[in-house]
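Taking it in order: structure first as C-alpha coordinates, then the write-up.
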Amino acid sequence: MRSSVDRTAGKVMSMREAVAAFVHDGDTVSLEGFTHLIPTAAGHEIIRQGRRELTVVRITADIVVDQMLAAGCVTRLVSSFVGNSSAGSLGELRRRIEHADPEPLAFEEYSHYGMVCRYLAGAQRLPFHPLRSYAGSDLPSVTPGIRKVTSPYPAADGSAEQIYVVPPVNPDVTFIHAQRADRRGNTQIWGLTGVQAEAVCAAEKAVVVVEELVADEVVRADPNRTLVPAHAVDAVVVCPRGAHPSFAQGYYDRDNAFYRSWSAISKDPVRLRKWLEEWVYGTADHAAYVAKLGEEFWAGLAVGEALSEPVNYGRRL
(Lines give C-alpha, C1' and ligand atoms only; values in the text may rest on other atoms or scores of the structure.)
Protein backbone atom coordinates (compact mmCIF):
# COMPACT_ATOMS: atom_id res chain seq x y z
CA MET A 1 0.00 0.00 0.00
CA ARG A 2 2.81 2.47 0.89
CA SER A 3 4.50 2.01 -2.49
CA SER A 4 1.47 3.53 -4.22
CA VAL A 5 1.82 6.90 -2.46
CA ASP A 6 2.27 9.86 -4.80
CA ARG A 7 5.01 11.93 -3.13
CA THR A 8 4.45 14.90 -5.45
CA ALA A 9 0.82 15.47 -4.46
CA GLY A 10 -0.71 17.40 -1.59
CA LYS A 11 1.57 19.36 0.76
CA VAL A 12 4.76 17.34 0.42
CA MET A 13 7.98 19.32 0.02
CA SER A 14 11.65 18.97 0.89
CA MET A 15 13.09 20.24 4.17
CA ARG A 16 15.07 22.83 2.24
CA GLU A 17 11.89 24.11 0.60
CA ALA A 18 9.93 24.14 3.87
CA VAL A 19 12.53 26.12 5.80
CA ALA A 20 12.98 28.55 2.91
CA ALA A 21 9.22 29.09 2.70
CA PHE A 22 8.28 29.31 6.36
CA VAL A 23 11.28 30.47 8.42
CA HIS A 24 12.41 34.09 8.17
CA ASP A 25 14.90 36.15 10.14
CA GLY A 26 13.32 37.44 13.34
CA ASP A 27 10.57 34.78 13.42
CA THR A 28 9.32 32.91 16.46
CA VAL A 29 9.91 29.22 15.74
CA SER A 30 8.56 26.35 17.79
CA LEU A 31 10.37 22.98 17.69
CA GLU A 32 8.38 20.39 19.60
CA GLY A 33 8.73 16.73 20.42
CA PHE A 34 9.09 15.32 23.93
CA THR A 35 11.88 12.77 24.59
CA HIS A 36 11.39 11.19 21.17
CA LEU A 37 10.39 12.72 17.83
CA ILE A 38 12.59 15.77 18.36
CA PRO A 39 12.78 17.75 15.07
CA THR A 40 16.58 17.79 14.89
CA ALA A 41 16.76 17.70 11.09
CA ALA A 42 14.56 20.80 10.93
CA GLY A 43 16.92 22.62 13.29
CA HIS A 44 19.91 21.61 11.16
CA GLU A 45 18.32 22.96 7.99
CA ILE A 46 17.55 26.26 9.72
CA ILE A 47 21.27 26.40 10.57
CA ARG A 48 22.28 25.60 6.97
CA GLN A 49 20.09 28.38 5.65
CA GLY A 50 21.64 30.89 8.04
CA ARG A 51 18.50 32.20 9.72
CA ARG A 52 19.15 34.89 12.34
CA GLU A 53 17.52 36.60 15.33
CA LEU A 54 15.05 33.80 15.92
CA THR A 55 12.98 33.33 19.05
CA VAL A 56 12.94 29.58 19.67
CA VAL A 57 10.10 28.09 21.70
CA ARG A 58 10.71 24.58 22.99
CA ILE A 59 9.48 23.06 26.24
CA THR A 60 12.68 21.06 26.71
CA ALA A 61 15.54 23.03 25.19
CA ASP A 62 18.18 20.41 24.45
CA ILE A 63 20.94 19.56 21.98
CA VAL A 64 19.28 20.96 18.85
CA VAL A 65 18.79 24.31 20.60
CA ASP A 66 22.43 24.28 21.73
CA GLN A 67 23.47 23.73 18.11
CA MET A 68 21.24 26.51 16.80
CA LEU A 69 22.67 28.87 19.42
CA ALA A 70 26.22 27.98 18.42
CA ALA A 71 25.33 28.66 14.79
CA GLY A 72 24.14 32.17 15.66
CA CYS A 73 20.49 31.56 14.79
CA VAL A 74 18.85 32.35 18.14
CA THR A 75 18.62 35.54 20.18
CA ARG A 76 15.73 34.59 22.47
CA LEU A 77 14.74 31.27 24.06
CA VAL A 78 11.39 30.42 25.64
CA SER A 79 11.55 27.14 27.56
CA SER A 80 10.91 25.31 30.81
CA PHE A 81 13.90 22.96 30.90
CA VAL A 82 17.39 23.32 29.52
CA GLY A 83 19.85 20.45 29.53
CA ASN A 84 21.34 17.51 27.74
CA SER A 85 18.49 15.11 28.51
CA SER A 86 19.93 13.44 31.63
CA ALA A 87 23.42 13.20 30.07
CA GLY A 88 24.99 16.53 31.01
CA SER A 89 25.02 20.23 30.17
CA LEU A 90 24.56 22.38 27.10
CA GLY A 91 27.85 24.23 26.79
CA GLU A 92 26.82 26.95 24.34
CA LEU A 93 23.62 27.76 26.20
CA ARG A 94 25.48 28.00 29.52
CA ARG A 95 28.06 30.33 28.03
CA ARG A 96 25.35 32.58 26.64
CA ILE A 97 23.28 32.75 29.84
CA GLU A 98 26.03 32.68 32.49
CA HIS A 99 28.70 34.79 30.78
CA ALA A 100 27.00 36.47 27.76
CA ASP A 101 29.65 34.69 25.67
CA PRO A 102 29.83 35.41 22.77
CA GLU A 103 26.72 37.52 23.39
CA PRO A 104 23.78 37.46 25.83
CA LEU A 105 20.72 35.29 25.32
CA ALA A 106 17.28 36.52 26.30
CA PHE A 107 15.74 33.64 28.25
CA GLU A 108 12.08 33.43 29.22
CA GLU A 109 11.51 30.58 31.68
CA TYR A 110 8.28 28.78 32.57
CA SER A 111 7.43 25.44 34.14
CA HIS A 112 6.61 22.44 31.93
CA TYR A 113 2.92 22.88 32.63
CA GLY A 114 3.21 26.63 32.19
CA MET A 115 4.50 26.02 28.66
CA VAL A 116 1.69 23.54 27.99
CA CYS A 117 -0.79 26.21 29.09
CA ARG A 118 0.86 28.79 26.83
CA TYR A 119 0.42 26.48 23.85
CA LEU A 120 -3.18 25.73 24.88
CA ALA A 121 -3.98 29.44 25.10
CA GLY A 122 -2.28 30.01 21.75
CA ALA A 123 -4.14 27.16 20.08
CA GLN A 124 -7.49 28.40 21.40
CA ARG A 125 -6.65 32.08 20.73
CA LEU A 126 -7.23 32.91 24.40
CA PRO A 127 -5.67 35.96 26.09
CA PHE A 128 -4.19 33.81 28.89
CA HIS A 129 -4.46 30.44 30.60
CA PRO A 130 -4.88 29.98 34.37
CA LEU A 131 -2.91 27.53 36.49
CA ARG A 132 -2.21 26.99 40.18
CA SER A 133 1.21 25.38 40.07
CA TYR A 134 3.32 28.55 40.55
CA ALA A 135 2.35 28.91 44.20
CA GLY A 136 5.55 28.96 46.23
CA SER A 137 7.76 29.19 43.15
CA ASP A 138 10.39 31.84 42.40
CA LEU A 139 9.55 31.80 38.69
CA PRO A 140 6.98 34.63 38.83
CA SER A 141 9.69 36.91 40.21
CA VAL A 142 11.97 36.36 37.20
CA THR A 143 9.41 35.89 34.42
CA PRO A 144 7.21 38.95 33.86
CA GLY A 145 4.83 36.94 31.69
CA ILE A 146 3.62 35.01 34.75
CA ARG A 147 0.97 37.18 36.38
CA LYS A 148 -1.97 37.01 38.77
CA VAL A 149 -5.59 37.86 38.08
CA THR A 150 -8.67 37.83 40.25
CA SER A 151 -10.93 34.90 39.47
CA PRO A 152 -14.43 35.95 38.40
CA TYR A 153 -15.75 33.12 40.57
CA PRO A 154 -15.57 33.04 44.37
CA ALA A 155 -13.43 30.45 46.15
CA ALA A 156 -15.06 27.74 48.28
CA ASP A 157 -15.02 30.08 51.29
CA GLY A 158 -16.57 32.90 49.28
CA SER A 159 -13.42 34.97 49.03
CA ALA A 160 -11.96 36.49 45.88
CA GLU A 161 -9.21 34.20 44.61
CA GLN A 162 -5.96 35.35 43.02
CA ILE A 163 -4.74 32.88 40.41
CA TYR A 164 -1.65 32.74 38.22
CA VAL A 165 -1.98 33.05 34.45
CA VAL A 166 0.42 32.73 31.53
CA PRO A 167 0.16 34.43 28.12
CA PRO A 168 -0.50 32.57 24.86
CA VAL A 169 2.30 31.68 22.49
CA ASN A 170 1.60 31.91 18.76
CA PRO A 171 4.73 30.95 16.81
CA ASP A 172 5.20 32.13 13.27
CA VAL A 173 5.91 28.50 12.45
CA THR A 174 5.95 25.22 14.32
CA PHE A 175 8.02 22.20 13.30
CA ILE A 176 7.18 18.80 14.76
CA HIS A 177 8.51 15.33 14.00
CA ALA A 178 6.13 12.38 13.76
CA GLN A 179 6.03 8.78 12.66
CA ARG A 180 3.84 9.13 9.59
CA ALA A 181 1.43 11.31 7.64
CA ASP A 182 -0.53 11.20 4.44
CA ARG A 183 0.09 13.65 1.59
CA ARG A 184 -2.52 16.08 2.92
CA GLY A 185 -0.90 16.30 6.36
CA ASN A 186 -3.06 14.04 8.52
CA THR A 187 -0.35 13.11 11.01
CA GLN A 188 -0.18 10.06 13.23
CA ILE A 189 1.90 9.82 16.42
CA TRP A 190 2.22 7.09 19.02
CA GLY A 191 4.36 6.69 22.12
CA LEU A 192 4.96 9.92 24.03
CA THR A 193 2.79 12.52 22.35
CA GLY A 194 4.00 15.68 24.10
CA VAL A 195 2.37 18.94 22.97
CA GLN A 196 2.85 18.55 19.24
CA ALA A 197 -0.84 18.99 18.42
CA GLU A 198 -1.16 22.11 20.59
CA ALA A 199 2.05 23.62 19.17
CA VAL A 200 0.79 23.09 15.62
CA CYS A 201 -2.60 24.63 16.30
CA ALA A 202 -1.03 27.62 18.09
CA ALA A 203 1.15 28.52 15.10
CA GLU A 204 0.48 30.65 12.05
CA LYS A 205 2.16 27.98 9.88
CA ALA A 206 3.00 24.35 10.64
CA VAL A 207 5.46 21.90 9.12
CA VAL A 208 5.20 18.21 9.94
CA VAL A 209 8.37 16.16 9.47
CA VAL A 210 7.74 12.42 9.23
CA GLU A 211 9.59 9.15 9.07
CA GLU A 212 7.37 7.99 6.23
CA LEU A 213 4.57 9.11 3.97
CA VAL A 214 1.66 6.67 3.82
CA ALA A 215 -1.39 6.22 1.68
CA ASP A 216 -4.67 7.79 2.74
CA GLU A 217 -6.07 4.33 3.52
CA VAL A 218 -3.42 3.72 6.19
CA VAL A 219 -4.52 6.83 8.08
CA ARG A 220 -8.21 6.07 7.61
CA ALA A 221 -7.69 2.56 8.98
CA ASP A 222 -6.50 3.92 12.34
CA PRO A 223 -8.08 7.37 12.77
CA ASN A 224 -7.60 7.63 16.54
CA ARG A 225 -3.84 7.76 16.02
CA THR A 226 -4.19 10.98 14.02
CA LEU A 227 -3.12 13.69 16.48
CA VAL A 228 -2.67 16.49 13.95
CA PRO A 229 -5.37 16.99 11.29
CA ALA A 230 -4.60 18.02 7.72
CA HIS A 231 -6.31 21.41 7.99
CA ALA A 232 -3.71 22.54 10.58
CA VAL A 233 -0.71 21.55 8.44
CA ASP A 234 0.96 23.68 5.76
CA ALA A 235 3.72 21.30 4.67
CA VAL A 236 4.76 17.67 5.05
CA VAL A 237 8.46 16.81 4.90
CA VAL A 238 9.53 13.18 4.54
CA CYS A 239 12.80 12.87 6.48
CA PRO A 240 13.66 9.36 7.71
CA ARG A 241 15.79 9.32 10.88
CA GLY A 242 15.23 13.05 11.18
CA ALA A 243 14.89 12.93 14.98
CA HIS A 244 18.43 11.65 15.64
CA PRO A 245 19.97 11.62 18.24
CA SER A 246 16.54 11.26 19.83
CA PHE A 247 14.40 8.29 18.82
CA ALA A 248 11.23 7.65 16.91
CA GLN A 249 9.07 5.07 18.66
CA GLY A 250 8.91 1.97 16.48
CA TYR A 251 11.55 3.17 13.98
CA TYR A 252 14.92 3.54 15.75
CA ASP A 253 16.35 3.84 19.24
CA ARG A 254 17.87 6.75 21.12
CA ASP A 255 21.56 7.39 20.44
CA ASN A 256 22.66 7.44 24.06
CA ALA A 257 26.35 7.53 23.12
CA PHE A 258 25.83 10.82 21.29
CA TYR A 259 23.99 12.35 24.23
CA ARG A 260 26.85 11.34 26.52
CA SER A 261 29.42 12.84 24.14
CA TRP A 262 27.64 16.15 23.65
CA SER A 263 28.64 17.73 26.96
CA ALA A 264 32.33 17.44 26.09
CA ILE A 265 31.74 18.65 22.52
CA SER A 266 29.70 21.67 23.55
CA LYS A 267 31.95 22.57 26.47
CA ASP A 268 34.67 23.56 24.00
CA PRO A 269 33.50 26.32 21.60
CA VAL A 270 36.16 25.41 19.02
CA ARG A 271 35.24 21.73 19.07
CA LEU A 272 31.54 22.59 18.87
CA ARG A 273 32.01 24.74 15.79
CA LYS A 274 34.13 22.04 14.16
CA TRP A 275 31.27 19.61 14.80
CA LEU A 276 28.83 22.00 13.11
CA GLU A 277 31.19 22.42 10.15
CA GLU A 278 31.46 18.66 9.66
CA TRP A 279 27.97 17.42 10.48
CA VAL A 280 25.65 20.30 9.54
CA TYR A 281 27.33 22.73 7.15
CA GLY A 282 29.35 19.87 5.70
CA THR A 283 26.26 17.83 4.79
CA ALA A 284 23.97 18.98 2.00
CA ASP A 285 20.85 17.76 3.78
CA HIS A 286 19.70 15.23 6.35
CA ALA A 287 19.98 12.35 3.90
CA ALA A 288 23.71 13.14 3.62
CA TYR A 289 23.94 13.30 7.43
CA VAL A 290 22.30 9.88 7.68
CA ALA A 291 24.59 8.42 4.99
CA LYS A 292 27.67 9.86 6.72
CA LEU A 293 26.81 7.96 9.90
CA GLY A 294 26.62 4.73 7.88
CA GLU A 295 24.36 1.71 7.84
CA GLU A 296 26.39 -0.15 10.46
CA PHE A 297 25.72 2.72 12.87
CA TRP A 298 21.99 2.67 12.12
CA ALA A 299 21.89 -1.10 12.56
CA GLY A 300 23.01 -0.49 16.13
CA LEU A 301 19.92 1.66 16.73
CA ALA A 302 17.48 -0.78 15.12
CA VAL A 303 14.42 -1.75 17.13
CA GLY A 304 12.35 -4.92 17.10
CA GLU A 305 8.62 -5.22 16.68
CA ALA A 306 6.14 -4.56 19.46
CA LEU A 307 2.92 -4.54 17.47
CA SER A 308 -0.30 -2.95 18.65
CA GLU A 309 -3.26 -5.27 18.20
CA PRO A 310 -5.82 -4.10 15.62
CA VAL A 311 -9.20 -2.91 16.84
CA ASN A 312 -12.59 -3.37 15.24
CA TYR A 313 -14.16 0.00 14.47
CA GLY A 314 -17.27 -1.69 13.09
CA ARG A 315 -19.28 -0.74 10.03
CA ARG A 316 -22.84 -0.86 8.83
CA LEU A 317 -23.97 -4.19 7.40
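Values for this structure:
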read-out: Where the stretch 217-276 is the region considered: accessible area per residue in Å², 1.4 Å probe; value: 47
read-out: Full-extension gain in nm, Ser151 to Leu307, via 0.36 nm per residue minus C-alpha separation; value: 51.4 nm
read-out: Centre separation in Å (Cα based) which lies between the stretch 92-158 and the stretch 162-178; value: 11
read-out: Extension reserve of the Glu217-Leu192 stretch, reckoned as 0.36 nm per residue once the Cα distance is removed; value: 6.6 nm
read-out: In sequence order, calculated HN-Hα J values of the stretch 278-295 (Karplus, 6.51, -1.76, 1.60; Hz; x Gly/Pro); value: 7, 9, 10, 5, x, 10, 5, 6, 5, 4, 5, 4, 4, 5, 5, 5, x, 5
read-out: Antiparallel DSSP beta bridges within the chain, as percent of all bridges there, nearest 5; value: 30
read-out: Karplus-derived 3J(HN,Hα), 6.51/-1.76/1.60, for each residue of the stretch 300-307, Hz, glycine and proline x; value: x, 9, 5, 10, x, 7, 9, 6
read-out: MRE, 222 nm, helices only [DSSP H, n ≥ 4, -39500 (n - 2.57), over the chain, to nearest 500]; value: -8000 deg cm²/dmol
read-out: Accessible area (Å², per residue) of the stretch 16-117, counting only protein heavy atoms and a probe of 1.4 Å; value: 32
read-out: Reachable aspartates and glutamates from Lys148, criterion Cα separation under 17 angstrom, eight or more residues apart if same chain; value: Glu109, Asp138, Glu161
read-out: Cross-link partners of Lys267 among lysines (Cα-Cα below 25 Å; sequence separation of 8 or more within a chain); value: Lys292
read-out: Calculated FRET efficiency for the pair Phe81/Leu126, C-beta based, R₀ 30 Å, to 0.05; value: 0.80
read-out: Alpha-carbon centroid distance for the pair the stretch 197-272 / the stretch 278-317, whole angstrom; value: 10
read-out: 5 angstrom amide H check on Trp190, placed H, neighbours 5+ away; value: Gln179
read-out: For peptides 191-199, 170-178, sequence by mean Cβ density within 10 Å, most packed first; value: 170-178, 191-199
read-out: Relative contact order for the chain, counting Cα pairs under 8 Å that sit 6 or more residues apart, in percent; value: 22
read-out: J(HN,Hα) series, the stretch 133-148, from Karplus relation 6.51 cos²θ - 1.76 cosθ + 1.60, nearest Hz, glycine and proline x; value: 6, 8, 4, x, 8, 7, 4, x, 7, 10, 10, x, x, 8, 10, 10
read-out: Per-peptide average of other Cβ atoms within 10 Å, ordering 225-233, 157-165 highest first; value: 225-233, 157-165
read-out: Amide H contacts of Val12 (H built 1.01 Å from N, under 5 Å, at least 5 apart or other chain); value: Val236
read-out: Answer label for mean projected area of the Cα convex hull in nm² (calculated), chosen among (1) 27.6; (2) 19.8; (3) 39.6; value: (2)
read-out: Protein accessible area in the chain, 1.4 Å probe - carbon and sulfur %; value: 52
read-out: Cβ-Cβ FRET estimate between Glu161 and Ser133, R0 fixed at 25 Å, reported to 0.05; value: 0.95
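The values are calculated or read from the model by the stated rules, or taken from the named source; none is laboratory data. A quick note: this is a predicted structure, and the numbers were derived from the prediction, not measured. Backbone-built Cβ (ideal geometry, glycine too); neighbour counts: all protein chains shown. Keep in mind that these areas ignore ligands, DNA and RNA; they rest on the heavy atoms of the full protein, side chains included. Shrake-Rupley method; radii C 1.70, N 1.55, O 1.52, S 1.80 Å.
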